[in-house]
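Below is one structure, written out as structure tokens; the observations come after it.
The values are calculated or read from the model by the stated rules, or taken from the named source; none is laboratory data. As the structure is a prediction and not an experimental result, all values here were calculated from the model. Here the Cβ is made from the backbone with ideal geometry for all residues, glycine too, and neighbour counts use every protein chain on show.
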Amino acid sequence: MARAVLTISSKNYSSWSLRGWLLCQMAGLEVEEKRVSIEDNRAELLLLAPSVLVPRLNHDGASVWDTLAIAEYLAEVFPNAGLLPADRLARAHCRSISGEIHSGFHNLRSALPMNLKARHTAFKVFAGAQADIDRINTIWAECLQKYGGPFLFGPPTIADAMYAPVCTRFVTYGVAMSGPASSYCRTIMSWAPMKEWIAAAKEEPEEMEELDFEF
């Protein structure tokens with residue numbers, strides 16, 4: 001069987017690439033990484049237009065793009081990986097909050113772009129983004145209380161891959177968090193796949209001036 005290929009963009013800036021890569025790691029699927037340059041994917045990174053380029057998984061004759069499509073594909077092909085909770089009600093909950101981050105929180109995305117190398121300790125969050133932050137804090141607190149942590153549904157699931165880039169944003173911009181949210185972010189940031197991705201991101205030479213300005 002040909003080796004699986006995952007097409008990604010910048011590890012420092014691309015939240016969708018991170019999600020796709022984490023999902024493959026969680027599924028236990030070894031992938032060859034194919035990089036799309038910042039210039040080829042600038043519009044997506046600046047949130048100007050969606051991209052069909054990244055992440056894209058080619059595996060066993062299938063070509064799958066869009067992060068949630070990749071998630072569902074991997075959950076189907078690797079059912080023992082636990083990408084979705086075993087319980088029917090928990091699966092529905094997991095799919096719902098994953099869909100919410102996939103299609104929503106636009107103010108958060110635009111105001112706090114992902115940038116793993118940056119730290120902005122005096123960043124001022126505007127009201128629209130704060131509403132998104134509050135909603136995410138609520139989602140995390142409810143999941144942690146209901147399923148016991150340390151990840152949103154106990155062990156890592158699709159939902160954690162979807163919310164992992166949010167944790168990096170909260171760290172980058174010094175976002176104030178509730179106790180449960182702070183605990184969850186520590187779990188994500190100390191998660192072995194995340195540490196591997198962040199280390200690689202810090203070695204990237206490419207920079208986007210638009211996302212590296214001082215706030």
Looking at PRO50, PRO79, PRO55, which is the one that is surrounded by fewer than 13 Cβ atoms within 10 Å (Cβ to Cβ) and at pLDDT below 95? PRO50
Residue among PRO193, PRO150, PRO155 that alone is surrounded by fewer than 21 Cβ atoms within 10 Å (Cβ to Cβ), modelled with pLDDT of 95 or more and in contact with a Gly (Cβ under 7 Å, 6 or more places away or on another chain): PRO155
With in contact (Cβ under 8 Å) with a residue 40 or more places away in the chain, assigned to a helix (DSSP H, G or I) and more than 18 Å from ALA90 (Cβ to Cβ) as the only criterion, which of ILE188, ILE133 stands out? ILE133
Identify all residues within the stretch 58-70 that are part of a loop (DSSP other than H, G, I, E, B) and surrounded by fewer than 17 Cβ atoms within 10 Å (Cβ to Cβ); write none if there are none. ASP60, GLY61
Just to verify a result, which residue in the stretch 1-35, among those that are in a helix (DSSP H, G or I) and of a type in the set (S, T, N, Q), is nearest to THR168 (Cα to Cα)? SER15
